[in-house]
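The values are calculated or read from the model by the stated rules, or taken from the named source; none is laboratory data. Owing to the predicted nature of the structure, the values given are computational and were not obtained by experimental measurement. Cβ: placed from backbone, ideal geometry, glycine included. Neighbour counts: every protein chain shown.
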Amino acid sequence: MRLLFVGFGTVAQGLSELLIEKQDELSEKHGLDWEVTGIVDILKGSAYDPKGLDLERIMAMVADGRSISEYPEGGCDWDAPTMIERAEADTMLEATYTDIKTGQPATDHIRTALARGMSVTTTNKGPLALFSNELEELAAANGVQFLYEGTVMAGTPLLNLIRETLAGSAISEMQGILNGTTNYILTQMEGGMDYSAALSQAQDLGYAEAVPDADVLGWDALAKVTILGNTVFGASLSPDDTPCTGITEITPAQIEAAGADGKRYKLIGRVWRDGDQVRASVGPRLMDLSHPLSGVGGATNAMTISTDTLGEVTIVGPGAGRRETGFSLLCDLIHIAKGSPS
Ligand SMILES: NC(=O)c1ccc[n+]([C@@H]2O[C@H](COP(=O)([O-])OP(=O)(O)OC[C@H]3O[C@@H](n4cnc5c(N)ncnc54)[C@H](OP(=O)(O)O)[C@@H]3O)[C@@H](O)[C@H]2O)c1
């Protein structure tokens with residue numbers, strides 16, 4: 001499988017480490033023999049060689065702060081659209097930054113690659129939250145695969161669980177903790193910290209951005225809920241139509257009162273069937289301490305899936321991280337190599 005990386009930041013490098021580390025195992029156990037023909041990154045540079053790039057060497061160059069464009073056999077100055085138009089590759093890995101308002105430029109990267117007959121895997125929430133139905137149709141029309149396990153709960157295999165293992169179940173509701181930063185802040189507040197101190201600790205630990213709005217106002221969870229509504233429930237939800245409240249208004253007094261009442265606040269992303277409609281919401285909910293989601297503390301993510309066959313199934317795991325999110329792309333590549341339907 002000839003791979004094209006678009007965006008070579010944390011997640012793409014996490015995948016690269018896994019590809020190098022597991023190269024023999026991937027070939028022997030999963031029939032995934034890979035080579036990288038192209039890499040393009042807006043600041044880190046670009047390289048293209050249809051005969052294959054030396055990924056270890058490029059990782060070392062990036063670690064040394066050298067531009068990928070200095071790569072001796074194939075370093076170039078192509079931008080992402082040029083690379084995607086020209087490169088010979090079977091699968092594109094889209095891991096540029098998420099723009100939740102426009103989905104760009106990632107959506108155009110994906111459109112071009114699918115139209116050229118490449119399969120695509122991405123961790124980018126923007127294109128999925130806004131254009132998942134269009135992109136799925138484009139992939140099907142071009143006979144290629146489009147997978148996006150890492151857009152919700154990183155490498156924790158929620159979408160695979162639903163697509164593969166729960167394929168014979170009808171799902172009526174999904175509710176979960178889809179943002180690790182806010183769950184960390186709420187956990188610290190239960191321990192007695194106020195909101196500002198908990199946020200600044202989350203920033204020091206690298207969980208929260210300097211501008212934390214996407215997390216604390218619920219927008220990140222909203223993108224994920226929209227993705228679930230549209231891809232799992234076949235709806236046409238838009239983030240703008242979904243009620244969304246973050247955690248900024250929750251006070252220590254409310255948290256203490258909830259505890260005294262045998263409950264706990266969690267920021268819950270929820271999507272459910274309501275007759276013929278699919279509805280979604282993001283907001284703080286008071287959960288009974290006996291609920292599986294109540295026991296999920298810190299930066300961990302979790303999702304409870306209500307099915308007609310098993311009742312409730314809860315999956316718990318990381319929702320971010322270099323290796324953890326890189327793994328989601330690896331998981332998708334293995335599926336593509338095996339020819340699973342998208
Ligand atoms: N990190 C996680 O734990 C995690 C978890 C789930 C999903 N995701 C999603 O996965 C994606 C990648 O995340 P990340 O953590 O790897 O981010 P990152 O470290 O910022 O990497 C993104 C890379 O894409 C490059 N880039 C941005 N725009 C580009 C363009 N137009 N053309 C070419 N390259 C471009 C950036 O270049 P420069 O920085 O060099 O300018 C950067 O190297 C994001 O959409 C993110 O939301 C991340």
### Message
Can you tell me how many residues within the range 232-278 are in a loop (DSSP other than H, G, I, E, B) and more than 21 Å from Y148 (Cβ to Cβ)?
### Response
12
### Message
Which condition from (1) over 15 Å from G326 (Cα atoms); (2) in contact (Cβ under 8 Å) with a residue 60 or more places away in the chain is the one that Q13 breaks?
### Response
(1)
### Task
Could you grab me the full set of residues in the range 37-60 that are more than 19 Å from P81 (Cβ to Cβ), touching a Ser or Thr at 6+ places or on another chain (Cβ under 9 Å) and either of a type in the set (A, V, I, L, M) or within 16 Å of the ligand (Cβ to nearest atom) (or both)?
L53, L55, I58, M59
### Task
Kindly list, by first and then second residue, each pair from a residue in the range 142-161 that is among the hydrophobic types (A, V, I, L, M, F, W, C) and at pLDDT 95 or above to a residue that is part of a helix (DSSP H, G or I) and more than 14 Å from the ligand (Cβ to nearest atom), limited to pairs with Cβ atoms under 7 Å and residues at least 6 apart or on different chains.
V144/L114; F146/L114; F146/L135; F146/E136; F146/A139; L147/H335; L147/I336; V152/L228
### Message
List pairs: first residue in the range 36-62 and under 11 Å from F5 (Cβ atoms) and modelled with pLDDT under 95, second residue of a type in the set (A, V, I, L, M, F, W, C) and more than 16 Å from the ligand (Cβ to nearest atom) anywhere in the structure, Cβ distance under 7 angstrom, at least six positions apart or on different chains.
### Response
none
### Summary
Residue count, the range 94-142, condition of a type outside the set (G, A, S), assigned to a helix (DSSP H, G or I) and buried (at least 22 other Cβ atoms within 10 Å of the Cβ), comes to 8
## Note on the structure
When (1) under 14 Å from N301 (Cβ atoms); (2) out of contact with any Gly (no Cβ under 7 Å at 6 or more places or on another chain); (3) not hydroxyl-bearing (S, T, Y) are applied to V225, the one that fails is (2)
### Query
With respect to T10, is the statement that it is β-branched (V, I, T), away from the ligand (no atom under 15 Å from the Cβ) and at pLDDT 95 or above true?
no
### Task
Give the residues of the range 242-270 that are surrounded by fewer than 17 Cβ atoms within 10 Å (Cβ to Cβ) and of a type in the set (K, R), sorted by residue number.
none
### Task
Please work out which residue is farthest from the ligand (Cβ to nearest atom), limiting yourself to the range 271-320 and to residues that are under 30 Å from L19 (Cβ atoms) and surrounded by fewer than 17 Cβ atoms within 10 Å (Cβ to Cβ).
G298
### Query
Filter the range 160-187 for residues that are aliphatic (A, V, I, L, M) and under 16 Å from W272 (Cα atoms); which is surrounded by the most Cβ atoms within 10 Å (Cβ to Cβ)?
L178
### Search result, residues across the range 158-196 that are farther than 22 Å from S294 by Cα and of a type in the set (G, A, S)
A167, G168, S169, A170, S196
### Query
Among the listed residues D79, D108, D90, which satisfies the condition of being more than 10 Å from the ligand (Cβ to nearest atom), charged (D, E, K, R) and at pLDDT 95 or above?
D90
